[in-house]
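Here the structure is laid out as structure tokens; the discussion comes afterwards.
The values are calculated or read from the model by the stated rules, or taken from the named source; none is laboratory data. This structure is a prediction, so every number in the text was calculated from the model and none was measured. We place every Cβ from the backbone using ideal geometry, glycine too, and count neighbours over all the protein chains shown. With ligands, DNA and RNA removed, areas are computed over all heavy atoms of the protein, side chains included. Shrake-Rupley method; radii C 1.70, N 1.55, O 1.52, S 1.80 Å.
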Amino acid sequence: MSSISILHRACLRLALLPLPPLRARATALRPPPRRRHLHLPSRSSMSSAASRLSHIATATADGGAAGESNEPPPAGSAVAQEDDGLSGDIVYRLPPKEIQDIVDAPPLPVLSFSPNKDKILFLKRRALPPLSDLAKPEEKLAGLRIDANSNTRSRMSFYTGISIHKLLDDGTLGPEKEVHGYTVGARINFVTWSQDGCHISFTVRVDEEDNKSGKLRVWIADVESGEARPLFKSPEIYLNAIFDSFVWVNNSTLLVCTIPVTRGAPPQKPSVPSGPKIQSNETKNVVQVRTFQDLLKDEYDADLFDYYATSQLVLASLDGTVKPIGRPAVYTSIDPSPDDKYLMVSSIHRPYSYIVPCGRFPKKVELWTVDGKFIRELCDLPLAEDIPITMSSVRKGKRSINWRADKPSTLYWVETQDGGDAKVEVSPRDIVYMEHAEPINGEQPEILHKLDLRYAGTSWCDESLALVYESWYKTRKTRTWVLSPDKKDVSPRILFDRSSEDVYSDPGSPMMRRTDMGTYVIAKIKKQDGSTYVLLNGMGATPEGNVPFLDLFDINTGSKERIWESDKEKYYESVVALMSDRTDGELSLDQLKILTSKESKTENTQYYLQTWPEKKQVKITNFPHPYPQLASLFKEMIRYQRKDGVQLTANLYLPPGYDPSKDGPLPCLVWSYPGEFKSKDAAGQVRGSPNEFPGIGATSPLLWLARGFAILSGPTIPIIGEGEEEANDRYVEQLVASAEAAVEEVVKRGVAHPDKIAVGGHSYGAFMTANLLAHASHLFCCGIARSGAYNRTLTPFGFQNEDRTLWEATSTYVEMSPFMSANKIKKPILLIHGEQDNNSGTLTMQTDFSMP
């Protein structure tokens, strides 16, 4: 049997197996709410890399999806009509029991802290969605995928229940109180605290008959009693969650994006097209855009997009008062000012595009009073089809329009001076402006700062302190500026000037405290001698691994004092949040309270409260081990060297009870993802900690520990382009050298059988896998490539971090494409791809076209 035939049969068989789907995102393009409350996703249900505590979820309710994988598939959901020569019916099948037990283990709840940090919500979840959820129809419009029945993004994950715990004075948790009143089995989303912490808002949806999604209704729960009720008395008012959802504008009123009550049936597709589809660039410059998925195709699609995305904004009070404001439009974000007097309302409008997604449609930003009265237009940006593909290029006009977190109603934004084109040399490149919501006597916007790199954000503190960030991808340069925003006699100065790749020099980020207005600003800490500092929370990268820290940092002198550091012998600890931020002004060091996490190679993450000055530590959670059958697995962060001298690292995992002297070398799975660097020194730096708990998600390669495999997880595969050299011009050479070093190391250690080493990866890791089987077949016996791209001529306007076009770097595109070397692949390769993959860089046809 030929290798191509083996490939075809394996791909068909695996395409019909119940491989754990990636967790559906709730609202991937939805802007975060202005007032963020602390939500902590549990670690056990995620991969270790994806679940680092630096990625704290905001109050947007993206819990795990429901369903148990051992229930029978819905009728008609897994029947193959094609005869591929395999015996028996081709249906979805379950993995071995030892893997089922891990994947189906109930995930731990997500934690959400109240604004005053005195209560915690436990947001409960189930394991994985049933196949029936994944089989629901989707509307693919303007780069979005929409569940037409629920008027939300499709495949939205959800919570199954909410419980409330008080955080007692001694740091322990009070008894559980269930939120009740909604239908049993309902799906819960968008859990958000009111500003005073007395209520929570959330949405409830109940599936209808025939597996149709129900529409979302907004509910309110009293935190003291746990009793919940619908916000709207009318059962005909539903949430439109295509873009924004709702936001608290004060302690008793929410602003809600609703489906217009006058909306009729969706538009019908014409039986006969009105004419041909024509695209022309005769009157404008040639437009180069990267590959995008799910774009509008015709006027019917545009009408359908308007139908589902159009919202009516409604002010709804807890006493039942309802007031529509504004006209129906495609609102993408609603952002109250810190003093709750104004609304900054963003919307998109026609003309739409057939070549870019909705994020580049014409965008209007307006300022309203909080009760809906129009004040002025902040900007109306035209269609942005011409953003250059060069990294660090941006849209023309005002962007990143936000409220100053330390002021009642002051706006700030940035405007490019290079036309948005990173190839244009100009100084300054970006200018940051600010102005009052309602300028007095024709007052003009004030220039806050001029930047020569690309603007990357602002952290506000008060009238004397703000930090402005700028960066440039091509050089990896990043700078932090110190500004006194309201003191004209104080000149801006550079605080940090470093390479973003150099993790060893990362000083950390300022910790933020909550203000009385519900915003977050840089926390200032005062010592007993009256000196003030900011708190820098850093990951503490070292050659031995990450050792997170908390420093008192003097902005004026640059001096610092370490007041907390992770245990580095057995545990990995990190600072999650500042808990003593209930009052405005400076915080006393003697009253400092922080939330930390703690884990080890064999102990899953738990949360602790630490208080000063005695640094007392109180454990507030006691989550069980998510997969006790693997509690005694072996983990080691190993270090080795590439033949060109670059230092490499990887995490080596061995199954519980493994004894190399008795059991001998094991079959080994190498799972990785390449990264690009500008220097060898940065590429060789150690990232991660040897003491991190090995989170095993539904798509994790660590599942194979339960089957007796050795796993080499995340071996670093740096693709380096120093100086003017482009990294990808030596991609294959460096890829193979990294793989050779990794394989040599595990074989030398005696834990991997040299003839039983497989390689695998997801997305760019799948691209890596196919290349290694083509160019380093002596290293691996087979490969697993999941949702990858293999022919770079199908992404001619750039991919990953490559911003040259196919015509500018033809040889690089061809040499990097494993499709062009498919005749060299002699070992079996399993190509897996989601049929509805919406990643613009990994179209499903990349796998289809790679199967002769």
Legend entry - ILE375 paired with GLU724, simple spin-label distance in nm, labels 7 Å along Cα-to-beta-carbon: 5.2 nm
Legend entry - Percent carbon-and-sulfur accessible area, the chain, ignoring ligands, DNA and RNA, probe 1.4 Å: 51 percent
Legend entry - Net charge dipole size for the chain [Lys, Arg +1 and Asp, Glu -1 on Cβ; Debye, nearest 20]: 500 debye
Inset, instruction - Mind checking the stretch 422-462 for trypsin sites (Lys or Arg not before Pro) that DSSP puts in a loop (not H, G, I, E or B) and that have at most 15 other Cβ atoms within 10 Å? - result: LYS423
Inset, instruction - With label points built 7 Å along Cα→Cβ from the Cα atoms of TYR504 and VAL426, find their separation and express it in nm. - result: 3.9 nm
Legend entry - the stretch 483-588 - share of DSSP beta bridges that are antiparallel (%, nearest 5): 90 percent
Legend entry - Where TYR640, TYR182 fall by accessible area, highest first, once all protein chains stay in place (1.4 Å): TYR182, TYR640
Legend entry - Calculated from backbone phi, Karplus (6.51, -1.76, 1.60) coupling profile of the stretch 838-848 in Hz, x at Gly/Pro: 10, 6, 5, x, 9, 4, 4, 5, 4, 7, 4
Legend entry - Spin-label model distance (nm) - LYS233 vs LYS526, 7 Å beyond Cα toward Cβ: 5.0 nm
Legend entry - Estimated FRET transfer efficiency when R0 is 60 angstrom, pair GLU603-LYS323 (beta carbons, to 0.05): 0.70
Inset, instruction - Quick one: which residues, 5+ away or cross-chain, put their amide H under 5 Å from the amide H of GLY214? H built at 1.01 Å from N. - result: VAL206, ASP207, GLU208
Legend entry - Gain on full stretching of the segment that runs from ILE440 to SER777 - 0.36 nm per residue minus C-alpha separation: 114.2 nm
Inset, instruction - Considering only DSSP beta bridges where both residues belong to the chain, give the percentage that are antiparallel (nearest 5). - result: 85 percent
Inset, instruction - Please give the length that would be gained between LYS396 and THR810 if that part of the chain were fully extended, namely 0.36 nm times their separation in residues minus their C-alpha to C-alpha distance (nm, one decimal). - result: 146.1 nm
Inset, instruction - For a quick protection proxy, order the peptides 251-259, 232-240, 712-720, 806-814 by their average other-Cβ count within 10 Å, most packed first. - result: 712-720, 251-259, 232-240, 806-814
Legend entry - For peptides 672-678, 376-382, sequence by mean Cβ density within 10 Å, most packed first: 672-678, 376-382
Legend entry - Where chymotrypsin sites (Phe, Trp or Tyr not before Pro) fall in DSSP loop in the stretch 715-768, at most 15 other Cβ within 10 Å: none
Inset, instruction - Decide, for the stretch 570-646, between rounded, prolate and oblate: order the square roots of the alpha carbon gyration tensor eigenvalues as a ≥ b ≥ c, take rounded if a/c falls under 1.5, and otherwise choose prolate if a/b is larger than b/c, else oblate. - result: oblate
Inset, instruction - Taking H placed 1.01 Å from N in the peptide plane, check which residues at least 5 places from TRP564 or on another chain put their amide H under 5 Å from its amide H. - result: LEU550
Inset, instruction - Would you work out if the stretch 474-540 is rounded, prolate or oblate? Take a ≥ b ≥ c from the square roots of the eigenvalues of the alpha-carbon gyration tensor; rounded if a/c is under 1.5, else prolate when a/b is larger than b/c, oblate otherwise. - result: prolate
Inset, instruction - Place a +1 charge on the Cβ of each Lys and Arg in the stretch 148-285 and a -1 charge on the Cβ of each Asp and Glu, then give the dipole magnitude about the Cα centre in debye, rounded to the nearest 20. - result: 860 debye
Legend entry - Residue-by-residue Karplus 3J(HN,Hα) for the stretch 363-368, coefficients 6.51, -1.76, 1.60, Hz, glycine and proline x: 10, 10, 10, 10, 10, 10
Legend entry - Extension reserve of the LYS488-GLU561 stretch, reckoned as 0.36 nm per residue once the Cα distance is removed: 23.2 nm
Legend entry - 3J(HN,Hα) from dihedral phi, the stretch 388-393, Karplus parametrisation 6.51/-1.76/1.60, rounded to Hz, x for glycine, proline: x, 7, 4, 4, 6, 7
Legend entry - Per-peptide average of other Cβ atoms within 10 Å, ordering 169-176, 822-829, 363-370 highest first: 363-370, 822-829, 169-176
Legend entry - Cα gyration tensor category, rounded, prolate or oblate, for the chain with a/c compared to 1.5: rounded
Legend entry - FRET efficiency estimate (nearest 0.05) - Cβ-Cβ, SER280 to ASP169, R0 60 angstrom: 0.30
Legend entry - the stretch 537-595: GluC sites (Glu not before Pro) in DSSP loop, at most 11 other beta carbons within 10 Å: GLU569
Legend entry - For the chain: accessible area per residue (Å², 1.4 Å): 43 Å²
